Structures are given as structure tokens and as C-alpha cells.
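These notes concern the structure reproduced below.
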Amino acid sequence: MAEATDEGAALERFEAGLADVEARLADAFEGATTEQALREANAKILGPSGELTGLLKLMPRLPKDRRRELGQRANATKARVQEALDARLEALARAAREAELTGPALDVSLPGRGVTRGRLHPLSRTIRELTDVFLALGFDVEDAPEIDLTQNCFDRLGFPPDHPATDMQDSFYLRAPDGTVDPEVVLRTHTTTIQIHQMLKRPPPLAVICPGAVYRRDDDATHSPMFAQIDGFAVDEGLTFAHLKGVLTAFVRRLFGDEVPVRFRPSYFPFVEPGGELDMGCVFCRPWEGDAERTRACRVCKGTGWMEILGCGMIHPVVFEAVGLDPSRYSGFAFGMGIDRIAMLRHGISNIRLLYENDVRFLSQL
Ligand code: DAH
């Protein structure tokens with residue numbers, strides 16, 4: 001009897017439950033406007049603790065003779081729930097597509113996000129420009145060590161032992177393994193050492209340039225402890241000052257323009273005789289164009305109309321002797337300049353440190 005009552009109660013719950021699900025079927029999914037909401041609504045019916053799932057768990061307690069029929073009804077309801085869900089899912093997808101097609105068009109003219117590309121540092125660019133000009137004039141590009149013997153940096157280039165450049169206050173000496181300063185090893189103070197390295201390595205004729213970093217104990221607005229130079233030299237039988245003038249005039253004109261005047265002034269460097277400095281017409285106030293007022297006001301050349309750009313001269317016989325070449329047979333010319341200075345002139349930069357601080361805000365303006 002208790003069994004029959006229990007069956008009766010289960011049957012009642014089952015049938016009421018099923019009717020309830022059926023009744024709400026039509027609008028069970030109506031309120032759901034997103035797929036997420038739909039799936040949640042579905043879980044309330046068919047999920048592990050959903051309404052219909054709960055009803056199916058009553059099955060063993062239903063009267064045996066009705067189970068088959070009731071089971072079929074429950075399955076039919078389950079199928080209708082699934083159908084309603086699918087229909088609603090499809091409707092949502094259609095509405096989304098519709099909105100996409102009728103909504104505001106995708107603005108394909110909107111500029112994309114730019115990709116910031118890297119580029120060469122202004123010093124590297126200047127090195128390449130200078131190198132290109134000398135390559136076209138027939139020079140080779142070679143390298144020499146940044147850490148060198150004082151012998152190559154000073155002695156073989158004719159520096160007297162007490163020359164200020166050899167001073168500890170002026171140049172960077174390296175320490176020996178025992179920690180003491182080694183007076184024989186120095187960070188090269190100029191790229192002029194290329195002459196020694198090349199002349200010891202191969203016989204004339206030679207025409208070589210060497211761009212690279214050099215080091216001095218200087219640090220102010222126009223001097224940095226590390227800076228860049230380019231040195232060049234040529235050695236052969238019969239080279240004269242006319243060759244030097246020809247090559248350097250061609251160099252300046254290729255770099256700055258054919259109209260730029262040049263002048264040579266005597267100057268002293270231990271490794272050349274005669275030695276000189278090359279000035280070129282100021283490329284900022286361009287005095288050859290005849291505007292004297294502009295030149296008078298020019299800050300770059302300080303009103304002189306000239307800019308000093310390099311040191312040069314005929315290679316001193318002591319240099320040839322130091323590398324075992326016969327100075328009565330060979331002659332040659334040499335020149336050297338600060339690459340930083342050329343870059344600063346070309347870009348109107350007033351502080352050399354800007355070239356070495358690598359502040360992208362500055363570099364991207366050049
Ligand atoms: N080495 C010199 C300096 O650092 C520049 C220089 C002058 C280089 C005359 C040369 C030269 O080759 O002939 O100031």
C-alpha cells in the first residue's frame with residue numbers, strides 16, 4: 001500500500017513537472033539575448049541538476065506499467081527543449097549577422113597603427129657617407145685595434161716621449177693583471193694608428209681609410225671621452241702634396257657640394273711634414289653666395305665663413321723609418337678628422353653628448 005502511494009506521489013510529481021516544462025517551453029528561451037544566457041536557461045532544464053533531469057530521476061519510482069509511455073513523453077519533451085534551444089540559437093546568430101550588415105560600415109580608411117622602424121644612428125650614417133666617398137676615390141677600408149700599444153699610438157708616429165697626449169691625464173691607460181697602470185697599453189687616442197698597422201702588414205702602394213672609436217680624457221659640451229674618427233693615408237713612390245690636395249678637395253666637394261671652397265693652412269702634427277689643416281666654406285651661411293650679412297651673423301663659423309674640418313699632411317720620414325720603409329723611395333699623405341664633428345655640422349647638433357646618449361626622442365629628429 002505504501003508502495004502504491006509512493007508510486008502515486010511520484011507519478012503526480014512527474015506529470016505535473018512535465019506539464020510545467022512543456023508549458024514554459026515556449027518562452028523559456030525568449031528572454032535570453034545572448035548565447036551565454038541561452039545556455040544557462042537550457043542548463044536549468046537539461047543540465048545535471050535541471051528540471052527535466054530531476055524528473056527522469058523519478059523514473060524508477062513510477063508505476064512499472066506506465067514507465068515506457070512516460071519515458072517516451074519525457075524524451076519527446078527533451079527533444080522539443082533541444083529544438084527550441086537550437087531555433088533560438090540560430091535566431092540569435094541571424095540577428096547578429098543582420099546587425100553587422102545593417103549597422104555602421106567598417107571604416108577601412110581609418111589609418112592603421114604605424115610600425116616604428118629602426119634606422120641607422122646619425123654617426124653610422126655619417127661613417128657610411130664618408131666611407132662611400134673614399135671607396136669611390138679608390139681607398140680600402142681597414143680596421144685597427146682600439147686597445148693598442150703606446151708604441152703604435154705615439155712612438156712610431158713620431159710623438160716625442162714627453163708629448164702631452166702621452167700623459168696619464170690625457171689618455172686612458174690600461175691596467176696590468178697586477179692592478180698597476182701599464183704605461184705601454186692605451187686606448188687609441190686617434191685612428192692614425194692605422195698607418196702603422198697597415199704599413200707593417202703589407203707593402204705600398206697603399207690607400208686606406210679607417211673609421212672607428214677613439215678615447216681621450218675630455219668631457220664637455222664639444223668633447224666626449226669616446227668619439228669617432230676617420231683617418232686615411234696613401235703611400236707610394238712619387239706622391240706629393242698635390243695628390244693630398246686633390247683627394248681632399250674631391251672628398252669635401254663630393255660630401256658637401258661642388259661649389260664649396262676649401263683652403264689649406266699650415267699646422268703641426270708630429271707624424272706629418274709639412275702638416276696642415278683643411279678648412280671648408282661654412283655650409284650654414286654659404287659665404288660664396290655673397291650674403292656677407294648672413295656670414296657676419298653665422299654662429300657656426302663665428303662669422304669667419306670657414307669651418308675647420310680635418311688635419312692632414314705629408315707622412316713624416318720618421319714614420320716610414322719606424323715601419324721599415326725607405327723614406328727616400330716612398331712618400332705619402334695622410335689626413336684625419338672627427339666623424340662626430342662632421343655629423344654635428346651636417347645636422348646642426350650643438351652638444352656632442354647627444355650623439356652618445358641614444359635618446360630616441362632626439363635621434364628620431366635626425
Ligand atoms: N690624429 C690627429 C688628431 O687626432 C688628426 C690628424 C692630423 C690625422 C693630421 C692625420 C693627419 O692623419 O695627417 O687630431
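Descriptive notes on the structure:
- The single condition from (1) among the β-branched types (V, I, T); (2) touching a residue at least 60 places away in the same chain (Cβ under 8 Å); (3) more than 25 Å from S124 (Cβ to Cβ) that V186 fails is (2).
- Residue list for the range 285-315, restricted to those being open to solvent by 50 Å² or more (accessible area, probe 1.4 Å) and either touching a Lys or Arg at 6+ places or on another chain (Cβ under 8 Å) or within 16 Å of the ligand (Cβ to nearest atom) (or both): R286, R294, W306, E308
- Yes/no for I209 being within 20 Å of A136 (Cα to Cα) and either out of contact with any Lys or Arg (no Cβ under 6 Å at 6 or more places or on another chain) or surrounded by 14 or more Cβ atoms within 10 Å (Cβ to Cβ) (or both): yes
- In this structure, E22 does not qualify as part of a helix (DSSP H, G or I) and either open to solvent by 90 Å² or more (accessible area, probe 1.4 Å) or modelled with pLDDT of 90 or more (or both).
- Enumeration of residues in the range 250-262 that are of a type in the set (V, I, T) and within 16 Å of the ligand (Cβ to nearest atom): V252, V262
- Residue ID - farthest from E90 (Cα to Cα), chosen from residues in the range 38-68 that are of a type in the set (G, A, S) and out of contact with any Phe, Trp or Tyr (no Cβ under 9 Å at 6 or more places or on another chain): G54
- Members of the range 212-231 found to be more than 15 Å from L355 (Cα to Cα) and open to solvent by 50 Å² or more (accessible area, probe 1.4 Å), listed by number: R216, R217, D218
- Criterion (surrounded by 13 or more Cβ atoms within 10 Å (Cβ to Cβ), within 18 Å of V235 (Cβ to Cβ) and polar (S, T, N, Q)) met by exactly one of S331, S267: S331
- Screening C210 with (1) on the phi > 0 side of the Ramachandran plot; (2) in contact with a helix residue (DSSP H, G or I) (Cβ under 8 Å, 6 or more places away or on another chain) gives one miss only, at (1).
Yes or no, residue by residue, for (1) open to solvent by 50 Å² or more (accessible area, probe 1.4 Å); (2) over 27 Å from the mean Cα position of the chain (by Cα); (3) farther than 27 Å from E321 by Cα; (4) among the acidic types (D, E):
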site	(1), (2), (3), (4)
A91	no, yes, yes, no
A95	yes, yes, yes, no
G103	no, yes, yes, no
P111	yes, no, yes, no
R125	yes, no, yes, no
V133	no, no, yes, no
F159	no, yes, no, no
P164	yes, yes, no, no
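The values are calculated or read from the model by the stated rules, or taken from the named source; none is laboratory data. Because the structure is a prediction, the values reported are computed rather than measured. No Cβ is skipped: glycine too gets one built from the backbone with ideal geometry, and neighbour counts run over all protein chains shown. Side chains are part of the model used for accessible areas, which takes the heavy atoms of the whole protein and leaves out ligands, DNA and RNA. Shrake-Rupley method; radii C 1.70, N 1.55, O 1.52, S 1.80 Å.
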